[in-house]
């Protein structure tokens, strides 16, 4: 058995029917721990000099994200910019933690002796990601290297491309028609699955990639809520690690992984179920999405929109995740699969939902996120595992209790301590019930679950009963012809 020191939670299968509720007076207060979405991917850090690599960065505004990590509209190359755009602009939710794995030391391509034209003593390099400290400028092949800030200046334009401008009296004159440049540029195509997955280096003590989700709480005192990796989560190996990591953050916390289905493989909705099965994506801690999002001329991954929408829904409900993000408005113009626009009917979207897959539906009220089920459904029908808002509530309640009672670890195990746990939790549960976030909840200390051997060994086991409200997913209106109304004809 693993040695445990601290506070943790263990879930048991749902019992039907549930035991009636009772409550007690409070002696301590259970707080609400801040939750935060986490995105792992690539950022245009060349725009901010020596930008952070494999380091969690907390940002609270778009301007802050742009200042710390750079920003580009090229989402396919710089995937964290998609997360910035969806969270901080489209849905206006913050903060978000961004983890960039694009490393200028290894994810780069060298370009030698490229000729670029000069007009009005200016020349542009038609390549994003140019690393300015590697730029070499000559007036001819094999010529003398020009001196920066003496012969020319080099800056990024609004599109992130380098513009070289002549300095008066320098080597670039009115008669110069071309320049020869050599440089290195960031190349996200060289980012591998292993770079995203990352790990822990026992020699250096440093973590990389998805492993850095464990650094979020120690660094920011915020518990990860949803983990996304736009573009990269379409790779089954990465998706598998994502759903594993969110189950055991820092050994105690739990979150959800939002994962995209690769629509180049599952190019029609009926293939999504086979894709899910073939890639072993059924998991209560994962939510699976089919289809990409189009807005204007931009293409997004549905997972990044869904994560931002989920955070927006939480913020509209006192940051309590009991309301499903399904049937909430998405900021989009079209649903895309394998580059083609798709118009799903309600019955087709329901087919995906019935197989534990969420999509987008333009049916009534504009574009909506459509689906309440985690990817564990229909293999796992336990209500706490099958419904997204209930799964998230179990995560959230467990995370809150861990943080709230952590300061009691190593206190004397006596009646007063047990009462503090029970009374504080019950008052909090009653408050959640009054808010409508649960149908009821209570905490008990049961002798049969606390044998003498465990108590002697310093182990205390509390039993939390709660029932977050399931979403009203299937509303059936019974319509009947009432023959009694025929009496109006003879009245």
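Coordinate-derived values only; no laboratory data. Nothing here was measured: the structure is a model prediction, and the numbers come from that model. With ideal geometry, Cβ positions are generated from the backbone for all residues, glycine too; neighbour counts draw on all protein chains shown.
Measure of size requested: the Rg and Dmax of the chain, with Cα atoms as the atom set and Å as the unit; please supply both.
Rg, Dmax (Cα atoms, Å): 27.5, 107.
So if we plug the beta-carbon distance of residue 439 and residue 220 into 1/(1 + (r/R0)^6) with R0 = 35 Å, what FRET efficiency do we get, rounded to 0.05?
Details: r = 33 Å, r/R0 = 0.93.
Result of the calculation: an efficiency of 0.60.
Given a cut-off of under 8 Å on Cα pairs at least six residues apart, what relative contact order in percent is computed for the chain?
Answer for the chain is 16 percent.
Report the relative contact order of the range 34-88, percent, no decimals, based on alpha-carbon pairs under 8 angstrom and at least 6 residues apart.
43
Angle check, please: helix 236-245 long axis (alpha carbons) against the longest principal axis of the chain (alpha carbons), in degrees 0 to 90, nearest 10.
50
Using the 2.2 N^0.38 Å rule of thumb for compact globular proteins, work out how the range 108-186 stacks up: its C-alpha Rg over that value, please. Walk me through the numbers before you get to the answer.
Values: Rg = 11.4 Å, N = 79, 2.2 N^0.38 = 11.6 Å.
Normalised by 2.2 N^0.38 Å, the Cα Rg of the range 108-186 equals 0.99.
Which stretch or stretches of the range 178-208 have amide N atoms under 15 Å from the point lying 7 Å from residue 156's Cα along the Cα→Cβ direction?
184-188
Going 7 Å from the Cα of residue 115 toward and past its Cβ, which residues in the range 144-181 have a backbone nitrogen under 19 Å from where you end up?
Answer for the range 144-181: 144-146, 164, 172-181.
Quick check: convex hull over the Cα atoms of the range 410-491, volume per residue in Å³, rounded to an integer?
Expressed per residue, the convex hull around the Cα atoms of the range 410-491 is 189 Å³.
In the range 144-229, what is the volume of the convex hull around the alpha carbon atoms, normalised per residue and reported in Å³?
On the way: hull volume 18.6 nm³, N = 86.
Per-residue hull volume (Cα only) is 216 Å³.
Take residue 105 and residue 60, extend 7 Å from each Cα along the Cα→Cβ direction, and tell me the distance between the two endpoints in nm.
Result: 3.2 nm between the two label points.
Based on DSSP H runs of at least 4 residues, each adding -39500 (n - 2.57), what is the mean residue ellipticity at 222 nm of the chain after dividing by all its residues, to the nearest 500 deg cm²/dmol?
Value at 222 nm, helices only, nearest 500: -6500 deg cm²/dmol.
Would you mind ranking 118, 479 so that the residue whose beta carbon has the fewest other beta carbons within 10 Å leads the list?
479, 118
Using only the Cα atoms, what convex hull volume per residue in Å³ does the range 377-423 have? Don't jump to the answer; show the numbers that get you there.
Details: hull volume 4.5 nm³, N = 47.
Convex hull of Cα atoms, per residue: 97 Å³.
Based on the Kirkwood radius over alpha-carbon pairs, what value in µm²/s does the Stokes-Einstein equation return for the translational diffusion coefficient of the range 249-320 at 25 °C and 0.890 mPa s?
176
Sort 131-139, 280-288, 453-461 for me by packing, meaning the mean count of neighbouring Cβ atoms within 10 Å per residue, highest on top. Spell out each step's value before the answer.
Working: 131-139: 16.1, 280-288: 23.6, 453-461: 11.2.
In descending order of packing, they fall as 280-288, 131-139, 453-461.
Grab the Cα-Cα distance for residue 124 and residue 265, subtract it from 0.36 nm times how many residues apart they are, and report the gain in nm with one decimal.
Here the segment from residue 124 to residue 265 would lengthen by 46.9 nm.
Going by average Cβ neighbours within 10 Å, how do the peptides 37-46, 167-176 rank, with the highest at the top? Walk me through the intermediate numbers first.
Values: 37-46: 27.5, 167-176: 13.0.
Ranked by mean Cβ neighbours within 10 Å, highest first: 37-46, 167-176.
Where Rh denotes the Kirkwood radius from the mean inverse Cα pair distance, what is Rg over Rh for the range 353-482?
1.12
If you take the beta carbon distance between residue 177 and residue 278 as r and set R0 to 35 Å, what does 1/(1 + (r/R0)^6) give as a FRET efficiency, to the nearest 0.05? Could you put the intermediate results ahead of the total?
Numbers: r = 57 Å, r/R0 = 1.61.
According to the calculation, E is roughly 0.05.
In nm, what is the difference between 0.36 nm times the number of residues separating residue 477 and residue 248 and their Cα-Cα distance?
78.2 nm
What nm value, rounded to one decimal, do you get for the distance between residue 163 and residue 489 when each label is placed 7 Å out toward the C-beta?
8.1
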